[in-house]
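Written below as structure tokens is the structure these notes are about.
No lab work stands behind these numbers, since they all come straight from the coordinates. All values reported here derive from a predicted model rather than from experimental measurement. Reconstructed Cβ throughout: ideal geometry from the backbone, glycine too, with neighbour counts over all protein chains shown.
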Amino acid sequence: MKPEFESLPLVNNDKKKRFEMEFNGHLAFINYGDFGNEIALVHTEAEPELQGTGAATAVVEKTLEYIESQGKKLLPFCPYVFAYIKKHPAWKRIVDPHFKGYDSL
């Protein structure tokens, strides 16, 4: 994660069902579904002003850290999150082994 994102808080916007991080007045976020002991990440997005800054990667990293800290399992339906975990296989530790794409990670 780039240093400029490290101190930024991750906000769990329960009303909109998304994890958010604000940088310079713009949002990067991940839409999710909470199923008790599992969290499904379904879509990652950064506002156009943040494209190319690393904000989307930072919100993914912060979200994975949050999920792990809560003792929950991950369902990475979002292609961006799936690709991130494939590139950083240590995060496979929080993916539910019953997830359909688990063996592809």
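Computed over the chain, the Cα gyration tensor eigenvalues convert (square root of 5λ each) into semi-axes of 22, 15, 12 Å, ordered from largest to smallest.
For segment 12-105, averaging the sequence separation of C-alpha pairs within contact (under 8 Å, six or more residues apart) and dividing by the residue count gives a relative contact order of 22 percent.
When only the Cβ of Lys, Arg, Asp and Glu is charged (+1, +1, -1, -1), the dipole of the chain relative to its Cα centre reaches about 380 debye. Taking amide H positions as modeled 1.01 Å from N, with prolines and chain starts lacking one, the residues under 5 Å from V95 and 5 or more places away or on another chain are L74. Picking from A40, A56, A90, which is most flexible by a Gaussian network model of the chain using Cα springs under 10 Å? Comparing A40, A56, A90 in the GNM, the peak value goes to A90.
By the count of other C-beta atoms within 10 Å, a proxy for reagent exposure, R93, R18 are ordered fewest to most as R93, R18. Please list, by residue number, every one of the chymotrypsin sites (Phe, Trp or Tyr not before Pro) in segment 32-72 that is coil in DSSP and has at most 16 other beta-carbon atoms within 10 Å. Of the chymotrypsin sites (Phe, Trp or Tyr not before Pro), the ones in loops of segment 32-72 whose Cβ has at most 16 other Cβ atoms within 10 Å are F35.
Taking +1 at the Cβ of each Lys and Arg and -1 at the Cβ of each Asp and Glu, which of N12, A46, F77 sits farthest along the dipole of the chain towards its positive end, judged by Cα position relative to the Cα centre? Final value for the positive-end residue is F77. To the nearest ten degrees, helix 55-69 and the longest principal axis of the Cα atoms of the chain are 50 degrees apart.
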